[in-house]
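Report on the following structure.
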Amino acid sequence: MRKGYFIAAAAAIFFLVFFNQLGCSEEVKSKPITHEEMIALGKYIVHTSGCDDCHTPKIFTENGPVFDTTKRFSGYPADEVLPAIDMNMIGPDKWSATEKHLGAWVGPWGISFASNLTPDNATGLGAVTEEMFIKTLREGKLKGVGRPLLPPMPWHVYGQKTDQDLKAIYAYLQSIKPINNMVPQPVSPDKVGERLVKK
Ligand code: HEC
């Protein structure tokens, strides 16, 4: 008799725990994520994915470059003058190079400038929709519909993130302070010499 009670009790506990667990995991899956949680997730992803490295201007210290947090994600500074370089050093089997902000890059593709990712309407991503933003990172096209993105923007890496992660990145970038900074247009390889002549 006692053994029978014991088995029945054990079975009851098992079913209670099992169905409770099932209930919990379903609840977690179906719980919608709030806009604030999306922004927090996006902040975490952006801050831990190296976006600052190219898109935030730098201040040079004794220990090397640090992010200028007053200009965070505003891209290569419009008022900056590009330093001269010996073009004989640049080529597919030679060097690609960057300057102190790690924002302008010269290589066989010409010169590219890290974009303004803040939600400024005129110079940043203010007018870019969530759909355009996801397309930018998935298909490597400017604003999702324009010309192919130039190196070294690692869109083929970030484009592998989930829809939710990309939406979260967008939500966060749209929530930060808009900064008006008109990043220069890229320079084609045949025009690079005019912009970066060795002194
Ligand atoms: C190694 C440098 C580098 C890193 C790291 C980097 N970017 Fe970029 N990014 C660039 C450059 C350079 C461009 C401009 C490319 C061009 O003009 O074709 C760019 C362009 C973009 C664009 C296109 C803007 C537009 O107007 O369509 C978006 C969006 C973008 N980056 C988002 C990000 C995000 C988000 C991260 C981090 C998850 C990131 N980038 C990390 C260099 C970088």
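The values are calculated or read from the model by the stated rules, or taken from the named source; none is laboratory data. Everything quoted here is computed from the prediction, not taken from an experiment. Virtual Cβ from ideal backbone geometry, glycine too; neighbours counted across all protein chains shown.
Observations on the model:
- Any hit, region 174-184, residues being touching a Leu at 6+ places or on another chain (Cβ under 8 Å), of a type in the set (S, T, N, Q) and either outside any strand (DSSP E or B) or within 23 Å of Thr70 (Cα to Cα) (or both): yes
- Within region 74-96, the set of residues being surrounded by 11 or more Cβ atoms within 10 Å (Cβ to Cβ) and of a type in the set (A, V, I, L, M) comprises Ala78, Leu82, Ala84, Ile85, Met87, Met89, Ile90.
- Search result, residues across region 118-156 that are outside any loop (DSSP other than H, G, I, E, B) and charged (D, E, K, R): Glu130, Glu131, Lys135, Arg138, Glu139, Lys141, Lys143
- Index of the failed condition, Glu37 passing every other in (1) closer than 29 Å to Val183 by Cβ; (2) modelled with pLDDT of 90 or more: (1)
- Of the residues examined, Val183 is one that is closer than 17 Å to Asp52 by Cβ and at pLDDT 95 or above.
- Within region 129-145, the set of residues being at negative phi, surrounded by fewer than 19 Cβ atoms within 10 Å (Cβ to Cβ) and within 7 Å of the ligand (Cβ to nearest atom) comprises Leu142 only.
- Given (1) buried (at least 16 other Cβ atoms within 10 Å of the Cβ); (2) under 15 Å from Tyr172 (Cα atoms), number of the condition His47 does not satisfy: (1)
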